[in-house]
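Coordinate-derived values only; no laboratory data. All values reported here derive from a predicted model rather than from experimental measurement. We place every Cβ from the backbone using ideal geometry, glycine too, and count neighbours over all the protein chains shown.
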Amino acid sequence: MAQGELIQRGNLRVAFNGRLFPRALPRTHLAPVTVQLGGSVATTDGSRPPRLQKISVEMNRAGRIFVAGLPVCTAGELQQTTTAAALALCRDALVGHGTFNANVDFPNAPLIPTRGKVLAFNARIHGGPAMLLHIYGSTPVRLTFVLPFGISRRSDGEFGTVFSTQFPKLASNLGYVTDIELTLGRKYGYRGRQRSFLSASCAAPAGFPGATFQLAKATFTFAEGQRLSTGLTRDCRVR
């Protein structure tokens, strides 16, 4: 992963990182791309961080999402399933994968760390485009939940596509995610043509071999009212 950005307020610290590849892209038309994104939440003194309520990730306008003809999966199909079972049910709708780390904080007991896998599936929520993140860990504590991400499109501004979600309480509010990394990208066929879930161009001015741009901006909102935002500056080359 590319070097990330760090933001701190009081003892609460949030990191956000990511990259786009390939870096070499057409100037004037879209080409398939893959995006890696990662985030983490911690405190400087090792105490439990406040509960993460919402996360919003805004992507640069030069990137687009295409889902026509791509199968969808529903939250009902994924509830209480293992990673293997989720893939068996919804493999055709898969658009990404990753990992997560979480802690389970039982009263009067040491923190129990757990690590697991993340699968991202194409979905629809209230008739609009969306993703479902299937998060599953089994060691040492079984943890399963489905996180719906709405996808919206802005008409103006530097950022065009927005992914956003509300985080549920985990394990009766005893569990909390500390790190998550996700790789998004999927090529598929539709109406005799190759399509891509994610596409982008390198929008460099005419005569310039490349450009520096804001890849993404993430905003983390917490239960105690804190709201931290940070962005990622990356570069591309015209091919």
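Worth a mention:
- Choice from Pro140, Pro129, Pro168 with maximal GNM fluctuation in the chain (Cα, 10 Å cutoff): Pro140
- For a straight C-alpha distance cut-off of 23 angstrom, the lysines reachable from Lys187 (same-chain residues fewer than eight places away being disregarded) are Lys117.
- Using only side-chain charges placed at the Cβ, +1 for Lys and Arg and -1 for Asp and Glu, the dipole size of the chain relative to its Cα centre rounds to 740 debye.
- One chain, two ends: Ala109 and Glu224. Fully extended at 0.36 nm per residue, the span grows by 39.0 nm beyond their Cα-Cα distance.
- Amide H contacts of Phe167 (H built 1.01 Å from N, under 5 Å, at least 5 apart or other chain): Lys54, Ile55
- Within the listed set Ser40, Ser196, Ser155, the residue fluctuating most in the Gaussian network model of the chain (springs between alpha-carbon atoms under 10 angstrom) is Ser155.
- Among Ala206, Met59, Thr230 the positive-end extreme of the charge dipole of the chain (Cβ point charges): Ala206
- Zone residues, segment 183-202, relative to Ala24, backbone N less than 17 Å from point 7 Å out along Cα-to-Cβ: 200-202
- Karplus-derived 3J(HN,Hα) values for segment 185-193, using 6.51 cos²θ - 1.76 cosθ + 1.60 with θ = phi - 60°, are x, 7, 9, 7, x, 8, 6, x, 10 Hz; glycine and proline are entered as x.
- Rel. contact order, % - alpha carbon contacts under 8 angstrom, at least six apart, segment 5-238: 30
- Take 71-80, 43-52 and order them by the average number of nearby Cβ atoms within 10 Å per residue, most first; the result is 71-80, 43-52.
- Residues His134, His126, sorted so that the one with the fewest Cβ neighbours within 10 Å comes first: His126, His134
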